[in-house]
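The values are calculated or read from the model by the stated rules, or taken from the named source; none is laboratory data. Not measured: the values here are computed from a predicted model. Positions of Cβ are generated from backbone atoms using ideal geometry, with glycine treated the same way; all protein chains shown enter the neighbour counts.
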């Protein structure tokens, strides 16, 4: 009988640095997940960018997101790069 059990190890990093006081921030988020047992796969996900305070609750951001998998699903590419522009609210 084949087992569906698996175990993983995860590394997570969240970095923030204020560039112009409170108005402009540099950020970098990174996650690495490695399967220790079960499926043989490692995935890397990163998001690096700038966040600009527009008002007390509104912010704009731009980021470059990169994802990589050593063993992706059938017909999928190993890596993906996306440039993201966003507008958000923080309460």
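Say we look at the range 47-71 and pick out the residues that are under 18 Å from residue 33 (Cα atoms) and assigned to a loop (DSSP other than H, G, I, E, B); which of these is modelled with the lowest pLDDT? Of everything passing the filter in the range 47-71, 71 is modelled with the lowest pLDDT.
Of the candidates 64, 87, 58, 83, the single residue that is under 16 Å from residue 27 (Cα atoms) and surrounded by 11 or more Cβ atoms within 10 Å (Cβ to Cβ) is 64. Does residue 13 count as closer than 18 Å to residue 67 by Cβ, within 22 Å of the chain's Cα centre (by Cα) and exposed (fewer than 13 other Cβ atoms within 10 Å of the Cβ)? Criteria met by residue 13. Filtering the range 16-34 to residues that are in a strand (DSSP E or B) and more than 18 Å from the chain's Cα centre (by Cα) leaves 18, 24.
Just so you know, in the range 73-91 the residues that are touching a residue at least 24 places away in the same chain (Cβ under 8 Å) and assigned to a loop (DSSP other than H, G, I, E, B) include one that is farthest from the chain's Cα centre (by Cα), and it is 91. For the range 35-43, state whether one or more residues are closer than 19 Å to residue 84 by Cβ and assigned to a strand (DSSP E or B). So far as the range 35-43 goes, yes, one or more of its residues are closer than 19 Å to residue 84 by Cβ and assigned to a strand (DSSP E or B). Residues in the range 35-66 that are under 9 Å from the mean Cα position of the chain (by Cα) and either under 13 Å from residue 10 (Cβ atoms) or touching a residue at least 60 places away in the same chain (Cβ under 8 Å) (or both): 44, 45. Taking residue 9 as the residue in question, decide whether it is more than 30 Å from residue 91 (Cβ to Cβ), out of contact with any helix residue (DSSP H, G or I) (no Cβ under 9 Å at 6 or more places or on another chain) and at pLDDT below 90. So residue 9 does not fit the description; no.
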